[in-house]
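Report on one structure; see the data block that follows.
The values are calculated or read from the model by the stated rules, or taken from the named source; none is laboratory data. If you're wondering where the values come from, they're calculated on a predicted model, not measured in any experiment. Please note: Cβ atoms are built from the backbone with ideal geometry, for glycine as well, and neighbour counts cover all protein chains shown.
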Amino acid sequence: MMNEYTGWLLDLYPHPESGIALWLLCDDGQRRYLRQDFPVTFYAAGQSHRLKDLWKFLARQPIPIELSRTERRDLFTGATVVLAASLDVPALLPELFQKLTNNFPDLNFYDADLHIALRHAAMYGTFPLARCHVTVDERGIIYEINVLDSKWDSDIEIPPLRILTIETDVDPTHDQPKQIHFQTKRNCITLDLKKANLNLGLLNYLFKQDDPDLIITSHGDTWLMPLLLKLSEEQNQPLPFNRDPLGEIRYKKERSYFAYNQVIYRGQQFHFAGRMHLDINNTVMYGDYGLDGVIEMARVTSLPVQTVARVSPGTGISAMQIVTALENEILVPFRKEQTERAKTTSQLFREDMGGTVYDPIIGLHEDVAEVDFFSMYPSIMVKFNISPETVNSKNLTSELVTYLEGMTDDKELGLIPRTLAPLLEKRYRLKNQLFTLSRLDCRYKNYKAKTAAHKWLLVTCFGYLGYKNARFGKIEAHEAVTAYGREVLLRAKEAAEDLGFRVLHLYVDGMWVKQSGYKKAEDFQPLLNEIQKRTNLPIALDGIYKWVAFLPSKQNKKVAVPNRYFGVFQDGEIKTRGIETRRHDTPAFIRETQMQILEILANAPDAESLKECLPEIRALILEKQNALRLGLVPPEKLIVHQTVSKNLNEYRTPVPAFSALQQLEYAGKPLRLGQTVRLIYTLGMPRAHAWDAGNGLDPRRVNLARYRQLLDRAVDTVLQPITDGDRFWFTRVRQLLFLDVL
Amino acid sequence: MGNVTPTITDILHAEEANLAKFRRALRREDQIVFDDLFTAAYKHRAAAAYAGHLLPFETFLLAMQIEDHKEVMHLRAEIENMRKMLEAFKAKNDE
């Protein structure tokens, strides 16, 4: 007998015996465990005698593998003869593939190391939390699965997820927690860690009662789960974190790696079967877009929620490319195979360039419009069909760029533009809707989170074209994008100058312009139209600043810094880049003070009136200085965050970060590369107090002079434009401001 | 960019470092002029990068020249203004 169900796809993973297991949150409220036959196929290409060896090797394996010789399309070389191997048990593929890479390193493998969710997405169009209609037999085996919604829809029917939050009373990296709080919509339980015998039965009761779909933890991966699982083992009391009783908790080790010129740390991970686990402290960009953004990331990339939450946006965009390739029956290589073509020095100088970045005109400017191209690089990739396989297929990139011609004449998009086009279209649609929505509208926050998630995917998609490990990367495509970017920005500059605007700054995809008497959005509309006409790319007015200040370099006051400015839009919104408020290592006390000064300045009706704000700013600074001197600033607000970029033995001088790391080492809490060390500057030696070392801080040891120096610098930064760079005037401002203290 | 070929800022830094001995041997007042010239070159890094010239120092020299000429044009305009003011003042006095 066949049954039919409609609901949301909660989870999907390989079943240890055969096919895959799926969890469906059905419309009747039941969470159903279903199975599906899902053979997976991988391919190998290379010399024929080696392929024969591989055939024999696979035929000898104890598991049934269906072998055949076939032809598949390689993105770069076209039709390729390959050996195809199909397995009914996807769970066995990783182990088998490990053997193959060891025994046949000379062969090229395709579609071999792909996430099962991506294969399923390509085959059935599924994605996490997709609305699905399934037809199953009495054993729960799926015969038919249809997806009812699209990942590109703006509004989705939100699944009624049951959420369990687990939190500790204190941050475990700072102090030993005494309690763990478990909270669902109906129940609240507190485990007292001081008690000798913890009652884990209560937790079991909670799982039985509420059966959560999503478990949101704070420090779950790094502290909570290891503790709970240890207790569960000691008490022989299994905890049902997995909904699937046969499923295993998937554990991933912590790791540090080097990317984008910095060391990045990823903590260990615990993934559950049938439920989703999110550790908000181990989730990439959670602070930027929250749960809504994580779910959107999962939907558009097709990666499971608990996976996508812990990987970089680059892995997300790579997953989207893989799905596009699988849907179009293009082979997905295990490793990148494309290398950079040989170039002369002169070619390198001409082609190996980034985006255009001007030095802005230093100082305070009034009534400045900031115009930005909408997702410039992804738009360029789609508009001009830039993809690894389309580059140089017609003419030399330099010639095409001059006339803004596409990479190909035909309408068929390359792999990368085909992947990006729907994402770009969705972001454009949501951004336009956001312009018209009130901030109080219930959709506003959700749309904002979604566009933030899209932004990170689109930002990384350009970098991935040139990334050394990207499967579909090619440096020439990466260079082509920047070449079009430079041409487009220069055309925008020329359009602005032709219309009589003064170009104050150009920064990759944005332009700051002004013209005497131009203050309203409609004054700048002819410029936007002209730029759009000359470039064929969407451009928008980001806003009109009441005033904006471009700051000079700290080392040389005559040289501007491209990305160091702040300003106030006509609607009162403050924008800052590159100053203390934006720096991760700035203590909260300094950041807040600088922001408060900017808020006072934002109240001034125009740039002329900024000087009138000085008395109020002076009072604020005096108050802050006094608070600092009298020890009234809470120590938490003096914490400096620094990323660990080298091991303890690599430090040559006892800088504060070294002292803090050493203290943590003694306290048995060593940090790994890429983790953040929290410290407070102290007097004498050691120069810093490690906030998380576990020993208290004597407030008398705080290096107030150092914090005073940081405060003065932050104040100087934002008061600089009022002084017009005149040192004499600046000194008088300083005297005026600090008169009472002196 | 930056991985294979040096960035334009790196090249400019290198050129400045190459001339460190030359700068050292200059008189203090000339060192200030030297530094000013390099500051002028820094202002046109974007244009120098876009030019993609094999000998970028030539573009830096031109950038120095541009800033110099801008200054000359500015001073010319100032003098012209002052001359006009002076003539107007003289004409007024003659009346």
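Observations on the structure shown:
- Residue count for the range A:183-231, restricted to those that are assigned to a loop (DSSP other than H, G, I, E, B), among the small types (G, A, S) and out of contact with any Ser or Thr (no Cβ under 7 Å at 6 or more places or on another chain): 1.
- Members of the range A:380-403 found to be of a type in the set (D, E, K, R) and part of a loop (DSSP other than H, G, I, E, B), listed by number: A:E389, A:K394
- Take the conditions (1) touching a strand residue (DSSP E or B) at 6+ places or on another chain (Cβ under 8 Å); (2) under 30 Å from A:R429 (Cβ atoms); A:S150 misses just one of them, which is (1).
- Unique residue being outside any loop (DSSP other than H, G, I, E, B), at positive phi and either surrounded by fewer than 22 Cβ atoms within 10 Å (Cβ to Cβ) or in contact with a Phe, Trp or Tyr (Cβ under 8 Å, 6 or more places away or on another chain) (or both) when the list is A:G290, A:G274: A:G290
- Within the range A:31-67, restricting attention to residues that are touching a residue at least 12 places away in the same chain (Cβ under 8 Å) and part of a loop (DSSP other than H, G, I, E, B), the residue that is farthest from A:T101 (Cα to Cα) is A:D37.
- Residues within the range B:10-37 that are more than 9 Å from every other protein chain (Cβ to nearest Cβ), touching a helix residue (DSSP H, G or I) at 6+ places or on another chain (Cβ under 9 Å) and closer than 19 Å to A:S553 by Cα, tallied: 5
To keep it simple, each residue is scored yes or no on (1) in contact (Cβ under 8 Å) with a residue 24 or more places away in the chain; (2) on the phi > 0 side of the Ramachandran plot; (3) in contact with a Ser or Thr (Cβ under 8 Å, 6 or more places away or on another chain).
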position	(1), (2), (3)
A:T593	yes, no, no
A:E599	yes, no, no
A:L610	yes, no, no
A:G631	yes, yes, no
A:L673	yes, no, yes
A:L683	no, no, no
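- If you go through the range A:294-348 and pick out every residue that is within 14 Å of chain B (Cβ to nearest Cβ), in contact with a helix residue (DSSP H, G or I) (Cβ under 8 Å, 6 or more places away or on another chain) and not in a loop (DSSP other than H, G, I, E, B), you end up with 0.
- Filter pass, A:K426 being surrounded by fewer than 20 Cβ atoms within 10 Å (Cβ to Cβ) and either touching a residue at least 24 places away in the same chain (Cβ under 8 Å) or part of a helix (DSSP H, G or I) (or both): no
- Selection over the range A:670-683 of residues that are surrounded by fewer than 16 Cβ atoms within 10 Å (Cβ to Cβ) and within 15 Å of A:Q268 (Cβ to Cβ) gives a count of 2.
- Scanning the range A:630-660 for residues that are surrounded by 21 or more Cβ atoms within 10 Å (Cβ to Cβ), farther than 19 Å from A:F589 by Cα and under 27 Å from the mean Cα position of the chain (by Cα) turns up A:V644, A:A657.
- Residue in the range A:185-207 that is farthest from the chain's Cα centre (by Cα), counting only those that are charged (D, E, K, R) and at pLDDT below 90: A:K195
- Helices (runs of 4 or more DSSP H) contained entirely in the range B:1-52, each with at least 3 residues that are over 26 Å from A:H505 (Cα atoms): B:20-25, B:28-42
- Members of the range A:486-502 that are touching a helix residue (DSSP H, G or I) at 6+ places or on another chain (Cβ under 9 Å) and more than 11 Å from chain B (Cβ to nearest Cβ): A:V488, A:R491, A:A492, A:E494, A:A495, A:A496, A:D498, A:L499, A:F501, A:R502
- The range A:487-502 residues that are on the phi < 0 side of the Ramachandran plot, paired with ones that are surrounded by fewer than 14 Cβ atoms within 10 Å (Cβ to Cβ) (beta carbon under 9 Å, 6 or more apart): A:E487/A:T402; A:V488/A:N536; A:A495/A:K533; A:L499/A:P526; A:R502/A:S516
- Some residue of the range A:533-550 being touching a Pro at 6+ places or on another chain (Cβ under 6 Å), within 25 Å of A:T576 (Cβ to Cβ) and either part of a strand (DSSP E or B) or at pLDDT below 95 (or both): yes
- Hits in the range A:548-566 - residues which are of a type outside the set (V, I, T) and over 13 Å from A:Q720 (Cβ atoms): A:Q555, A:N556, A:K558, A:P562, A:N563
- The residue of the range A:501-518 that is nearest to A:F569 (Cα to Cα), among those that are more than 35 Å from the chain's Cα centre (by Cα) and surrounded by 15 or more Cβ atoms within 10 Å (Cβ to Cβ), is A:Y518.
- Residue count for the range A:349-360, restricted to those that are in contact with a His (Cβ under 7 Å, 6 or more places away or on another chain) and more than 8 Å from chain B (Cβ to nearest Cβ): 1
- Among the residues of the range A:684-702, those that are in a loop (DSSP other than H, G, I, E, B) and exposed (fewer than 14 other Cβ atoms within 10 Å of the Cβ) comprise A:G684, A:M685, A:N695, A:G696, A:D698.
- Cβ pairs under 9 Å, 6+ apart, first in the range B:50-76 and within 14 Å of chain A (Cβ to nearest Cβ), second hydrophobic (A, V, I, L, M, F, W, C) and outside any helix (DSSP H, G or I): B:Y50/A:M353; B:G52/A:M353
- Residue within the range A:6-16 that is under 23 Å from A:M123 (Cα atoms), touching a residue at least 12 places away in the same chain (Cβ under 8 Å), part of a strand (DSSP E or B) and of a type in the set (V, I, T) present: yes
- Qualifying residues in the range A:361-381 (those that are surrounded by fewer than 17 Cβ atoms within 10 Å (Cβ to Cβ) and within 14 Å of another protein chain (Cβ to nearest Cβ)) - the one nearest to A:V503 (Cα to Cα): A:I361
- Considering (1) exposed (fewer than 13 other Cβ atoms within 10 Å of the Cβ); (2) in contact with a helix residue (DSSP H, G or I) (Cβ under 7 Å, 6 or more places away or on another chain); (3) more than 27 Å from A:P16 (Cβ to Cβ), the lone condition that A:I63 does not fulfil carries the number (3).
- Cβ pairs under 6 Å, 6+ apart, first in the range A:120-144 and free of Cβ contacts under 8 Å to residues at least 40 places away in the same chain, second surrounded by fewer than 20 Cβ atoms within 10 Å (Cβ to Cβ): A:G125/A:V147; A:E144/A:T135
- Yes/no for A:G29 being within 25 Å of A:R299 (Cβ to Cβ), out of contact with any strand residue (DSSP E or B) (no Cβ under 7 Å at 6 or more places or on another chain) and either crowded, with 17+ Cβ neighbours inside 10 Å or not polar (S, T, N, Q) (or both): yes
- Unmet requirement for A:L610, which otherwise passes all of (1) over 23 Å from A:G578 (Cα atoms); (2) surrounded by 15 or more Cβ atoms within 10 Å (Cβ to Cβ): (1)
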